[in-house]
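Trainee: Please find one structure pasted underneath; my questions will follow.
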Amino acid sequence: MKIIDIEIATPPKENYFHNYDLHEMIHGNDWEKVFIKKNWSKDYPLESNGFESRFLTKTPIISNDDTMITSFDLMMKSSKKLLKRDPKLKKNISLVLSITTTSHKYTTSLASLACGQLNLSCASLEMKAGCASGLYALELARTHLETNNGYVLILSAETLSKIANRKFIYSVGDAGVAILLGKTKRNSFLKKKFETRGKFASQMGIKQNLPIPDGRVITDDFEFQSSDGLDSNFLQAWKEFPKNFLKESKLNSSEIQFFISNQPNKRFIDAAIHSCELNLKFQSSVLKKFSNCGQTGFFLTLAEMYKESNWKSGDLAFLCGIGGGMNLASIIWSL
């Protein structure tokens, strides 16, 4: 399987916020004095987790409303830009996969809506496996291409700012990616592993569904919540799962040129790279530019690498995603 094309979409540029912008929103115009008084570092989101800037549909000082950009809007923006470059590609799409955890239509597949908006008559499916969803979608795309002609269009988007309270707003970002995949004659996935650890499923999530009904009082039931111990459990998973997978693959760490993850935070990514003893050809800047965009962070990293790195045929990419559930996935992709 190979990438035919890839495109990113974001909210408008006026929705792009630096950490200092959020400091001012939350702590007021005199936020620097507040930070000095409390002995806080103004760069703590960057220093601790690698977050510096992000696109936000919703900020801590405004409420959700129906006019805000949705994940589906970002899917459409990215896919239309991609298909506009070469309209002939559209007629060869045989499967559309949509991925989001922040859908505004919970009983309707956004993949179906996308086919309608894009004028496509093909199979469609929505996937939801937390931040590991991207790797599940790639594996489904690969198996589809083994027995079907044409291309697979994956639409990934999140508007996590809509479910983030002031505690989490520094961590999240909103973005969308459309990626078009085609078949190759050679085996592209050398090794793969998918795993679920259901005992952690209750440690994170949202109690109520988006969108928030008109007139409903906004409570923390509509915001992302996590329990004590979640961070340490995820950190341990990022240390162990990639390391054990690489060992099972019988590959040496020196054979891996790229590491592509869902970009949760710098601590988790560094833990995985260090445990696997990877010496990488390309370092992603997605976390610093976009913060944590959930499963879309994986495709943002893939887009950045596709457009900016000098990968060559046969380079090996180590793909890893760990998301709520806990869902874990890893793939060795021969590019």
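Trainee: For the pair T59 and L190, how long in nm is the line joining their label points, each one 7 Å along Cα→Cβ?
Mentor: 4.7 nm
Trainee: A further question follows. How much net charge surrounds L278 when only other residues with a Cβ under 12 Å from its Cβ are counted (Lys, Arg +1; Asp, Glu -1)? The partial results should precede the final answer.
Mentor: On the way: positive: K243, K281; negative: E255, D270, E277.
Neighbour charge sum, excluding L278 itself: -1.
Trainee: Then there's this: For every other residue with a beta carbon closer than 13 angstrom to the beta carbon of A9, add +1 if it is Lys or Arg and -1 if Asp or Glu, then tell me the sum. Before the final figure, lay out the partial values.
Mentor: Working: positive: K13, K77, K80, K81, K84; negative: E7, D73, E158, D174.
So the environment of A9 carries a net charge of +1.
Trainee: Something else about it: Starting from the Cα of N279, step 7 Å along the direction of its Cβ; do the same at T108; then give the gap between the two resulting points in nm.
Mentor: That separation, rounded to one decimal, is 5.4 nm.
Trainee: So who's got an amide H within less than 5 Å of the one on V172, skipping anything under 5 residues away but keeping other chains? H placed 1.01 Å off N, in plane.
Mentor: Close amide H contacts, sequence-distant or interchain: N292.
Trainee: If you plug each phi of the stretch 59-68 into the Karplus form 6.51 cos²θ - 1.76 cosθ + 1.60 with θ = phi - 60°, what whole-Hz ³J(HN,Hα) values come out, in order, with x for Gly and Pro?
Mentor: 3J(HN,Hα) across the stretch 59-68, in whole Hz: 10, x, 9, 10, 9, 5, 8, 6, 8, 6.
Trainee: Using θ = phi - 60° and the Karplus relation 6.51 cos²θ - 1.76 cosθ + 1.60, list the HN-Hα couplings for the stretch 235-249 in order, rounded to whole Hz, with x at every Gly or Pro.
Mentor: So the Karplus estimates, Gly and Pro as x, are 4, 5, 5, 5, 6, 8, 4, x, 4, 5, 5, 4, 5, 5, 6 Hz.
Trainee: For the stretch 170-187 and the stretch 293-328, write down the distance between their C-alpha centroids in whole Å.
Mentor: 8 Å
Trainee: Please identify the chymotrypsin sites (Phe, Trp or Tyr not before Pro) of the stretch 55-132 that satisfy two criteria: DSSP loop assignment and at most 12 other Cβ atoms within 10 Å. Which are they? Working shown, then result.
Mentor: Values: sites: F55, F72, Y106; in loops: Y106.
Answer in residue order: Y106.
Trainee: Please quote Rg/Rh for the stretch 89-160 to two decimal places, taking the Kirkwood radius as Rh and restricting both calculations to Cα atoms. Each step should come with its number before you reach the end.
Mentor: Working: Rg = 11.9 Å, Rh = 12.4 Å.
Across the stretch 89-160, the Cα-based Rg/Rh ratio is 0.96.
Trainee: If I take every Cα pair under 8 Å that is 6 or more residues apart in the chain, average their sequence separation and divide by the length, what percent do I get for the relative contact order? Let's see the in-between values first.
Mentor: On the way: 685 pairs, mean separation 81.8, N = 335.
Relative contact order here is 24 percent.
Trainee: How do R54, R197 line up, fewest other C-beta atoms within 10 Å first? Let's see the in-between values first.
Mentor: On the way: R54 31, R197 14.
Ascending number of Cβ neighbours within 10 Å: R197, R54.
Trainee: If you don't mind, another one. Under the rule of -39500 (n - 2.57) per DSSP H run of 4 or more residues, summed and divided by the residues of the chain, what mean residue ellipticity at 222 nm is obtained, to the nearest 500 deg cm²/dmol? Walk me through the intermediate numbers first.
Mentor: Numbers: 10 runs with 110 residues, N = 335.
One gets -10000 deg cm²/dmol as the mean residue ellipticity at 222 nm.
Trainee: Taking only Cα atoms of the stretch 1-146, what ratio of Rg to Rh do you get with Rh as the Kirkwood inverse-distance radius? Write down the numbers at each step before the final one.
Mentor: On the way: Rg = 19.6 Å, Rh = 18.2 Å.
My calculation of the ratio gives 1.08.
Trainee: Extension gain N165-N92, at 0.36 nm per residue separation less the Cα-Cα distance, in nm? Before the final figure, lay out each step's value.
Mentor: Details: separation 73, 0.36 × 73 = 26.28 nm, distance 4.23 nm.
Net length gain for the segment: 22.1 nm.
Trainee: Turning to a different aspect of this structure: Please rank F259, F318, fewest neighbouring Cβ atoms within 10 Å first, as an exposure proxy.
Mentor: On the way: F259 22, F318 27.
By the 10 Å Cβ count, ascending, the order reads F259, F318.
Trainee: Sum up the charges of everything whose Cβ sits under 9 Å from the Cβ of K183, counting Lys and Arg as +1 and Asp and Glu as -1, but leave K183 out. It would help to have the intermediate numbers written out before the result.
Mentor: Numbers: positive: K2, R142, K185; negative: E146.
It works out to a net charge of +2.
Trainee: Under a plain spin-label model, where a point goes 7 Å from the Cα along Cα-to-Cβ, how far apart in nm are S254 and D270?
Mentor: That separation, rounded to one decimal, is 2.6 nm.
Trainee: So how do F299, F35 line up by other beta-carbon neighbours within 10 Å, fewest first?
Mentor: Values: F299 30, F35 16.
By the 10 Å Cβ count, ascending, the order reads F35, F299.
Every number here is computed from the coordinates shown, using simple stated rules; none is lab data. Quick caveat: nothing in here was measured; it's all calculated off a predicted structure. Glycine gets a Cβ as well: all are built from the backbone with ideal geometry, and neighbour counts include every protein chain shown.
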